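Trainee: First the structure, then my questions, so here it is.
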Amino acid sequence: SIIEHNNNLLLQLISDILDIAKIEAGTLEFVYSEVDMNKTLTEIEQVSKLKLKDNNDVEIIVELPLPNLVLYTEPTRVTQVITNFINNAIKFTDKGSIRFGYHPPEDGYIYFYVTDTGTGIPPDKQKQIFNRFIKLDSFEQGTGLGLSISKSIIETLRGDIGVDSVEGEGSTFWFTLPYRTSK
């Protein structure tokens, strides 16, 4: 199990480095389609619950305020960003909850979020968190590339990205996307 775990970490590192190289070269693929976001988020919830292992002190909850939400976007990249936010939340949340979902569209944009009851981020670190190789805890696994990659993806999709956090209380990582339902 140690070999398998380290193999997965190595594969993630290689994937992150390749994504950064593709972003810099302008060759990261974006294939747009109509996406059932409620279905996508429910699938992300199921996969994320498996990552909790035996930690029964953390609950992962998807919040879907609309009975149906279809977006015209890049499903692989949106899933990558949300999954990255949830994986980070899992690393820094020992008890409580990780809630994620979206708010109904407003002003031509839709707001997605991942909120946790974890350790939170000091105010002086919040501005740097989306830079490359920034890690708040050098003892946690990861390269410090995930949030940088997420920022590049969301900016390419013409959205905004950010974090709201209170140290010791938790964080909300969020992004917006243009609300488009078809080509």
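Values in this text are rule-based calculations from the coordinates and carry no lab data. These figures come from a predicted structure and were not determined experimentally. Backbone-built Cβ (ideal geometry, glycine too); neighbour counts: all protein chains shown.
Trainee: Can you list residues from other chains, or at least 5 along the same chain, whose modelled amide H is less than 5 Å from the amide H of residue 35?
Mentor: For residue 35, the qualifying residues are 71, 72, 73.
Trainee: Can you find, among 60, 50, 28, the residue sitting farthest towards the positive end of the charge dipole of the chain, where Lys and Arg contribute +1 and Asp and Glu -1 at Cβ?
Mentor: Ranked along the dipole, the leading option is 28.
Trainee: Now a separate question. Might you report the magnitude of the Cβ-based charge dipole of the chain about its Cα centre, with Lys and Arg at +1 and Asp and Glu at -1, to the nearest 20 debye?
Mentor: Dipole about the Cα centre, nearest 20: 340 debye.
Trainee: Where is the GNM fluctuation largest for the chain (alpha-carbon springs, 10 angstrom cutoff): 170, 26, 96?
Mentor: 26
Trainee: Given the options 98, 17, 149, state which has the largest fluctuation in a GNM of the chain using a 10 Å cut-off (strictly under) for Cα springs.
Mentor: 17
Trainee: For the chain, which longest stretch is free of loop sites, where a loop site is one of the chymotrypsin sites (Phe, Trp or Tyr not before Pro) that DSSP puts outside H, G, I, E and B and that has at most 10 other Cβ atoms within 10 Å?
Mentor: 1-132
Trainee: If a helix is a whole DSSP H run, which ones in the chain reach 27 Å or further along their own axis (Cα) and hold a mean Kyte-Doolittle hydropathy of at least -0.5?
Mentor: Taking the DSSP H segments of the chain (at least 27 Å long, mean hydropathy at least -0.5), we get 2-25.
Trainee: Would you tally the net charge around residue 96, using a Cβ to Cβ cut-off of less than 12 Å, leaving residue 96 out, and scoring K and R as +1, D and E as -1?
Mentor: With Lys, Arg at +1 and Asp, Glu at -1, the net is -3.
Trainee: Right, another one. Could you pull out the trypsin sites (Lys or Arg not before Pro) across the range 1-83 that fall in loop regions by DSSP (anything but H, G, I, E, B) with no more than 10 other Cβ atoms inside 10 Å?
Mentor: Taking the range 1-83 and a limit of 10 other Cβ atoms within 10 Å, the loop trypsin sites (Lys or Arg not before Pro) found are 53.
Trainee: A further question on this structure: Give the calculated FRET efficiency between residue 1 and residue 21 to the nearest 0.05, with a Förster radius of 35 Å applied to their Cβ-Cβ distance.
Mentor: 0.70
Trainee: Picking from 16, 116, 54, which is most flexible by a Gaussian network model of the chain using Cα springs under 10 Å?
Mentor: Residue with maximal mean-square fluctuation among 16, 116, 54: 54.
Trainee: Taking amide H positions as placed in the peptide plane 1.01 Å from N, state which residues far from residue 28 in sequence (5 or more) or on other chains have amide H under 5 Å from it.
Mentor: Hits under the 5 Å cutoff: 23.
Trainee: Taking the Cβ-Cβ separation of residue 125 and residue 87 as r and a Förster radius of 22 Å, what is the calculated FRET efficiency to the nearest 0.05?
Mentor: With a Förster radius of 22 Å, E is 0.75.
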